[in-house]
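Contents: one structure, followed by commentary.
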Amino acid sequence: MVDNPAADKPLQEPGPEPLVLLIDLERCTGCRACEAACKLENRLGEGMFRNRVFWMPPEDSNGRFEFVVAVCQQCVRPACLRACGAAAISKDPVTGVVEIDSDHCTGCQECVLACPYGAVSFDYRRHKAEKCNLCADRRATGRGGPACAAACPGRAIAFGPRSALIERAHDDGRHVRNVDRFGLGASTVYLERTPPSAVRATGERDDATG
Amino acid sequence: MPPGKHRAALRPGVYAPRTRRAWSARFAEDVRKWVAELARNEPGIEGYPYSEIGKPPRPDRVVIGSCPICFNSCPVQYHMAGDRLTSITGVESDPVTRGRLCPKGQYQIQTYYSPDRLTQPQKRIGARGEGRFEPIAWDQALDEIAARLQQVRDRFGARSLAIYTGTRSSWMNKAGGAALFAELFGTPNQEGTAPLCASAASQAFMVTQGFAPGPNSFTETDLGTATFYLFVGDNMAETRPVYFGLINDCRLRNGARLVVVDPRQSATAAKADEWICCRPGTDMALALGMMHHLIEAGLINTEYLQAHVVGWERLCTFVRDSAYTPEWAARACDIPAATIRRLAAEFANAPRAVVFGGKGLNQHSNGFQTNRAFHMLCLLAGHWGRPGAGFMNLNRGLPLHAHAPEGRAPLRGPALRKSPVGWIDAMCTGRPYPIKALISTGNPLSTWPGQARLRQALIELDLVVYMELFPHATAAFADYVLPTTSAVEAGDVNRSNDDRRVGWIEKCIEPPGEARSDLHFWTELGKRFGFDDVLREEFKHDPARFWDTMMISAQGMHGLTTERMRASPSKWIRGPIPEPGDPEVETLLQPGSVFPGDVKGRFTPTPSGKLEIWTEELQTRLAPYGLSPLPEFYTDRGQLVDLPYLDYLASDEEEGIPSPIWGGKALTRPVRISTQPLARDRAYDTELVSGRPPAPHFHSWTHWLWQANEMWPEQFVMIHPKKAAGLGIKDGDAVVIDNQHGSITAVAWIHEGIRESSVFVPIGWDERQKQHPARSVNWLVDHHERDPISDQTNMKSILVRLRRA
């Protein structure tokens, strides 16, 4: 039997400055460069994901696409961590990063099914669960933040301390979407789209509406 | 389990969840269902080269070059560990891309370690189309090809050899090795993809401003400063994602407005402040209606016009006399007149406005005039040649071209047609003269219109040579299949791009097996005809020398040396650069400037030295086609309503007339604009629009990379829910689309963001692709319906019908 100390311990509260991704829904163009960057950096094959882009046609928008990057929310109370019987998943007390220890992962896929954000996938080659750790290796080797944020053509993904990212977004007059529908303390920040830019005041003329 | 079963879960319509609730509990349920479905499927899972490497070795060096795939031409870092390429990332210090890369730019690494690469020359042993081959040595293959080419030349003349260079080729192949071989061999029938893609854009620019690339740059200080962006038929977010990232970022920071006109609510339109849905092929009417409003409302910039433009008064009279009112335009392009007026006023009143045109303008029988009509709109408003103001439309770009020394090449006469699809009938019938051999460094059996006829044509030929990275559909019809290299396996330049940037790509890795560069092939083949005084032996392994000695001889290009490219931080420089020491110019044609390197000291290198709308000379050049410099409206024949269209006064089996816009170097068919209602078969009740698929794909190339297949697996057809309901088609159904020319199958993607009477099918699939084979949409495209001037085929306004398979 495998010990699961995490199941008995109270959940760790995140440190003062958890590191997160910020995804700007106004800038995302659905191109999937973040998926490519992630798989290249983390050597993931077909069917394995740490992030995925969904093209969603929302209601009442005349068919306008909305693109959503589905990625680990680095939850305050991670469902995956709770589901893991092998104590292979931990949450870093300082950075808040939720990480799978491959050496301890038994490949049972309970975490894959537990995550309501679809953010855990499975590596069939090694029989291990796969999820985003905000590019731990890149951060540890001084190669910057996560690969997805560096590659994003739309400049839609930012990385940093959560409060600073939110503060900057508010300064830009942007609103944060609440995606914490499951009570897990989802930490990834999603910025709502902006209202359409109207005709510039400097450009208005009396005949402008024909 | 059949391979690909688990992939069926990733059809576009499913991958994009069908639920209408944005990321709700339902979304999570769906995701969980798919994840479970994926988990049930056993591997057979592709992962090269990632799986092979496992934890990648730490790179020991980084080589900066350019991505060779698409027209965004992003600078990249090739991370090397020993002789192995381990990763590809962007160049963060680059002022244009800021280190950003689209998906294909990153997984291009899968090209270099793909088990499906061609690695050995092969010779056909079965029937054409059967795809049976045996290995052959390079030298033997080249000897045999040369002998058979000699026979063709002896019997039918040099011009019966046609050479086509496909989308994977850089300047160095299409305007370098292939162009020199064609010149020396004596055939005028050598062409790249431009007449399928953007020759309407380049020739329109040539007429208006005397050079092909757009005058502005993708910088925060030029295109980034516009206050109004109008995209017409340009889906930049999916076709040049990194450029769009820059534009969209600037738009948001500057509060600029972005309007997209397209029959489809593309990813670009999804980011816009306003999407205006139009009838395919009628953008010229929109431009005319907008011009009419500008003229009537006194919104034209007379000061700019008087200083820099010729023929604008005549244009104003023409537009007014022709009564191209917004109400008239509304009927043609199916956009309300009030919207056209408002759009015109917003555009003219904007301090700085940019129009981005694209294939939606080019790929029609009116492509040349439509491009020009938007030029005229911009000129009337004075939005040209200023930072943040102008018209941009990607095309062949800078004049980088190799030519044989004077007197060395035989006289060639004009090309049969400017477009390679204009060769198809001659291949089949021998009229007006026979085309008997084809050397293709691309995949016509996906790319060219007239697919059914093209297959007959290839069977008729005496010799078909195919040189590519992967065994696309064309390979099966070839007598010789030759393995080629990509840029990092040989050394090359980037693609032509919107931004006038030319970048050098160092050779980083060895080619797989016996693959050799295109330049190597042309040099070796040339040697067998005694062309080695021009196609010199040393070029085979030294593409940089070839570039510096052969490719930059045109006026204004002498400074674009490999030395200068290599010395720049991102390994690219922006042309024109007349001499090595000259500066790069961010925005060309600024008032009061002289065009770089122009020996006559002109503002712009046109005959008049001004931007040209109408001149006596232009009138003389366009009259032989049956057209005028003044943009008389017509559209494609494939319309559901009666609109003016072209009658062709000669067929492709007749000689036609020399095409003045191409300097008489190609023949074309004269036309007459007709307003007689066309007899049309009412069964074909749907407007088919073809176009580039989303960002993960680029033509044939990416269909052999597992990750592109994972992202966008199957050929899809986007259908409006109302149309789908009427036909009993549900999301994910297989749909048969057909017309008089052929029939294809695609997976239905039901989506509100498309004109109700239109459907969209992406290009790039073919029936021999490994993972998701499908007949290309070009089976439905008539190769005869072409713009007489640019010779571009109408690929975006085609009548078809649909049914559930």
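Coordinate-derived values only; no laboratory data. For clarity, every value in this text was computed on a predicted model and none was experimentally measured. In this analysis, Cβ positions are derived from the backbone assuming ideal geometry, glycine residues included, and neighbour counts consider all displayed protein chains.
List of remarks:
- The Cβ shell under 11 Å around B:F760 holds other residues with a net charge of +2, Lys and Arg each +1, Asp and Glu each -1.
- Taking the Cα centre of the range A:15-195 as reference, the dipole from Cβ charges on Lys and Arg (+1) and Asp and Glu (-1) amounts to some 280 debye.
- Shown here are the Rg and Dmax of the Cα trace of the range B:525-633, at 19.6, 52 Å.
- Taking Cα centre as origin and charging only the Cβ of basic (Lys, Arg, +1) and acidic (Asp, Glu, -1) residues, the dipole magnitude of chain B rounds to 1440 debye.
- Among A:V189, B:P59, B:W312 - extreme Cα towards positive end, dipole of the protein assembly as shown, charges at beta-carbon: A:V189
- The equivalent ellipsoid of the range B:381-510 has semi-axes of 32, 23, 18 Å, largest first, where each one is the square root of 5 times an eigenvalue of the Cα gyration tensor.
- Volume in Å³ per residue [convex hull over Cα atoms, computed for the range B:148-213]: 104 Å³
- Shape class of chain B from the alpha-carbon gyration tensor: rounded, with the ratio a/c of largest to smallest axis under 1.5.
- DSSP-loop chymotrypsin sites (Phe, Trp or Tyr not before Pro) across the range B:291-341, with at most 11 other Cβ within 10 angstrom: none
- The range A:18-91 and the range B:743-783: distance between their alpha carbon centers, rounded to Å: 29 Å
- For the range B:199-392, the share of alpha carbon pairs falling in successive 5 Å distance bins from zero is 1, 8, 17, 22, 24, 17, 8, 2, 0 percent.
- Direction-averaged projected area, Cα convex hull, the range B:660-805: 10.8 nm², rounded to one decimal.
- The Rg/Rh ratio for the range B:303-348 is 1.07, where Rg is the radius of gyration of the alpha carbons and Rh is the Kirkwood radius.
- Pairs of Cα atoms farther than 22 Å apart, the range B:208-284, %: 25 percent
- Partners for B:K796 among lysines (Cα-Cα distance below 18 Å; same-chain residues under 8 apart left out): B:K359
- Along the range B:546-560 the Karplus relation, 6.51 cos²θ - 1.76 cosθ + 1.60 evaluated at θ = phi - 60°, assigns HN-Hα couplings of 4, 4, 5, 8, 10, 8, 10, 8, 5, 4, x, 10, 4, x, 8 Hz to successive residues, with x for each Gly and Pro.
- Long pairs among B:K104/B:K770; A:K131/B:K271; A:K39/A:K91, criterion Cα-Cα beyond 20 Å: A:K131/B:K271; A:K39/A:K91
- Overall form of the range B:158-296 per C-alpha gyration tensor (a/c, 1.5; a/b vs b/c): prolate
- Here the range B:151-177 and the range B:280-314 have alpha carbon centers that stand 41 Å from each other.
- Put simply, the C-alpha atoms of the range A:15-195 give a gyration tensor, and the ellipsoid matching it has half-axes of 26, 18, 17 Å, longest first.
- Overall Cα dimensions of the range B:489-574, principal axis frame, Å, largest first: 38, 33, 22
- Coordinate range along principal axes, alpha carbons of the range B:74-139, Å, largest first: 52, 29, 21
- Summed residue charge, Cβ within 14 Å of B:M80's Cβ, Lys/Arg positive, Asp/Glu negative: -1
- Per-selection Rg to Rh, the protein assembly as shown - Cα, Kirkwood hydrodynamic radius: 0.96
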